[in-house]
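The values are calculated or read from the model by the stated rules, or taken from the named source; none is laboratory data. Everything numeric in this text was worked out from a predicted model, so none of it was measured. No Cβ is skipped: glycine too gets one built from the backbone with ideal geometry, and neighbour counts run over all protein chains shown.
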Amino acid sequence: MNMVGIVGGTGPESTVEYYQTIISKFQERKGTKETLPELIINSINMYKIFHLISHGQIQELIDYLVAAVQKLEKAGSDFAVISANTPHIVFEQVQQRVQIPMISIVEETYTKVEESGLDRVGLIGTKFTMEHDFFKQPFLLNQKEIFVPNLMEQEYMHQKIVKELENGIVKKETKEKFLEIIQQMIHRDQIQGIILGCTELPMIIKVEDLAIPQFNTTEIHVNKIVNTIFLNEKIKKINL
């Protein structure tokens, strides 16, 4: 069986969600509860990642994530994922320095939006995800418009993500404000869909909360992970 390597802890709540959802989707595909995928989780320090990005220490961030993936390589992982959006700011640089393939949450989300046929989407997440271009690039390169909240809204969302959602705290007033911000984007930017560009956001924003399509990056990423497990198993059987 394929060994999945997960760089987790970025944050803890979403790492648990990845673990549980990969298992449930794998068992669903297998048609039985009496089987489990093989996983290795290397839980790193989310706050160190935030510190490095905040202080512009991008090379240190790359080194930190490369070391995290290399531990998964040594443990026998066949491929790796980072269970968060924000660290993907240096995804390409990390992939270049490790031996096993990695699955990008950004690339998979873009593919899903492309399949939907939408041309104007909104993006919310940590301030690092919203203010940097790493998530926007595939959209802009393919003539799709992508919008983020204004600076005050970005700061509010970032603080609530870090201080509440990353710690498993979901407050009614925070949810209402997040939904208000998205409604402002619908009115202001005419967005046709919204990307939940932080893996904790599905804790607070549900499908039934909005009339526009949502792109749950956690779910999109996990679906690709499970598909890759089964694809690699098929390839290995053919090569036997």
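Observations on the structure shown:
- Only listed residue being surrounded by fewer than 19 Cβ atoms within 10 Å (Cβ to Cβ) and touching a Phe, Trp or Tyr at 6+ places or on another chain (Cβ under 8 Å), chosen from Phe134, Phe230: Phe134
- Filtered residues of the range 77-108 (kept if β-branched (Val, Ile, Thr), outside any helix (DSSP H, G or I) and either under 16 Å from the mean Cα position of the chain (by Cα) or not assigned by TED's automatic domain parsing to the domain that holds Tyr18 (or both)): Val81, Ile82, Ile103
- Where Val81 falls short, out of the listed (1) in contact with a strand residue (DSSP E or B) (Cβ under 6 Å, 6 or more places away or on another chain); (2) of a type outside the set (Asp, Glu); (3) closer than 16 Å to Lys127 by Cβ: (3)
- Checking each residue in the range 172-198 for being of a type outside the set (A, V, I, L, M, F, W, C), assigned to a loop (DSSP other than H, G, I, E, B) and surrounded by 19 or more Cβ atoms within 10 Å (Cβ to Cβ) picks out only Gly197.
- Restricting the range 16-36 to residues that are surrounded by 15 or more Cβ atoms within 10 Å (Cβ to Cβ) and at pLDDT 95 or above, the residue that is nearest to Gln59 (Cα to Cα) is Tyr18.
- Hits in the range 160-193 (condition: more than 23 Å from Phe139 (Cβ to Cβ) and small (Gly, Ala, Ser)): Gly168
- Residue in the range 140-148 that is without any contact (Cβ under 8 Å) to a residue 60 or more places away in the chain, touching a Gly at 6+ places or on another chain (Cβ under 9 Å) and β-branched (Val, Ile, Thr) present: yes
- Count of the range 124-166 residues, restricted to those that are part of a loop (DSSP other than H, G, I, E, B) and either among the charged types (D, E, K, R) or under 19 Å from Phe91 (Cα atoms) (or both), is 9.
- Among the criteria (1) at pLDDT 95 or above; (2) over 18 Å from the mean Cα position of the chain (by Cα), the one Ser54 does not fulfil is (1).
- Cβ pairs under 7 Å, 6+ apart, first in the range 13-37 and without any contact (Cβ under 8 Å) to a residue 60 or more places away in the chain, second surrounded by 13 or more Cβ atoms within 10 Å (Cβ to Cβ): Tyr19/Leu39; Tyr19/Ile41; Ile23/Pro37; Lys33/Gln27; Thr35/Gln27; Leu36/Ile23
- Boolean, Leu72 is part of a strand (DSSP E or B), in contact (Cβ under 8 Å) with a residue 24 or more places away in the chain and on the phi < 0 side of the Ramachandran plot: no
- Of residues in the range 199-217 being surrounded by 22 or more Cβ atoms within 10 Å (Cβ to Cβ) and at pLDDT below 95, the one farthest from Glu145 (Cα to Cα): Glu200
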